[in-house]
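Structure incoming, see below.
Each reported figure results from applying straightforward, stated rules to the coordinates on display, with no laboratory input. Because the structure is predicted, anything quoted here is derived from the model rather than measured. Please note: Cβ atoms are built from the backbone with ideal geometry, for glycine as well, and neighbour counts cover all protein chains shown.
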């Protein structure tokens, strides 16, 4: 397999600087994916405002999976719920440990949710949704992919209350998330109904394999995008995995070669040549 570099600035593809690539000790058309450290070195050499990518030659996606929180939408929805309930700081720290440092996701989700036990679900869910904003370029990206026949699935460690609405608003093909348990009085129980089958990193990778089979796509024809450590399993299995503005020094930045740092989500259309 051969790979090609792509440079994107301000949402537009720019000419690949072959001399710059060689000066960083890389082949212009490598036969393997450069390491994350090599790509960071190339990004630094390319300068501010330029995102650099290395893509399998002739890569054309048939299927794309996206994380929701801090990827398609700007917020971490559980953090926003906790903020409204008065537990913002402690829940955000647990989220950081899971998303950035790679702490066990299932344990993290349970630790965060229990803080909300007994809180009226209606007082949190709808207000958080109404305040939710899409990340810049999300609508352009999703529409651009759909215009080229790409099937799109939203996979989130967050909650189906949000994934259903976000996926519907963007006309995605499917969505998956965790199902909040709400008692007969409308109060959060501090648990999810699918506690034995939480949408964690491994589950996201399972969804990738399932939908690839459903839509007749080889894994090499799949695009996966996310910002947290629980997105790594699916991103690493896909033909093209891309980290979206991950936390500096976190696991995604350390382990993914392709990362959007400066551009918005629509950058991906230029990366894959759409």
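For Kirkwood radius over Cα pairs in Å, the choices are (i) 19.1; (ii) 18.6; (iii) 20.9; which was calculated from the structure?
Recomputing Kirkwood radius over Cα pairs in Å here picks out (i).
Please give the FRET efficiency for residue 114 paired with residue 15, using the beta carbon to beta carbon distance and R0 = 45 Å, rounded to the nearest 0.05.
Efficiency, rounded to the nearest 0.05: 0.25.
Taking other Cβ within 10 Å of each residue's Cβ, how do 8, 52 sort, fewest first?
8, 52
Same structure again: How far, in nm, would the chain grow between residue 104 and residue 35 when pulled straight, counting 0.36 nm per residue and subtracting the alpha carbon separation?
Full-extension gain reported as 22.3 nm.
Ok, one more. Alpha carbon centre of the range 1-80 versus the range 152-175: separation in Å?
25 Å
Of all DSSP beta bridges in the chain, what percent run antiparallel (nearest 5)?
Taking every DSSP beta bridge within the chain, about 40 percent pair in antiparallel fashion.
I'd like the orientation of helix 88-99 relative to the chain: the angle between its Cα long axis and the longest Cα principal axis, in ° from 0 to 90, rounded to 10.
Value to nearest ten degrees: 40.
What FRET efficiency comes out for residue 274 versus residue 134 if R0 is 22 angstrom and r is the Cβ-Cβ distance? Round to the nearest 0.05.
Computed FRET efficiency for residue 274 and residue 134 comes out at 0.70.
Going by average Cβ neighbours within 10 Å, how do the peptides 19-32, 175-188 rank, with the highest at the top?
Listed from highest to lowest mean packing, they are 175-188, 19-32.
Considering only C-alpha atoms, what is the centroid distance from the range 180-256 to the range 114-138, in Å?
19 Å
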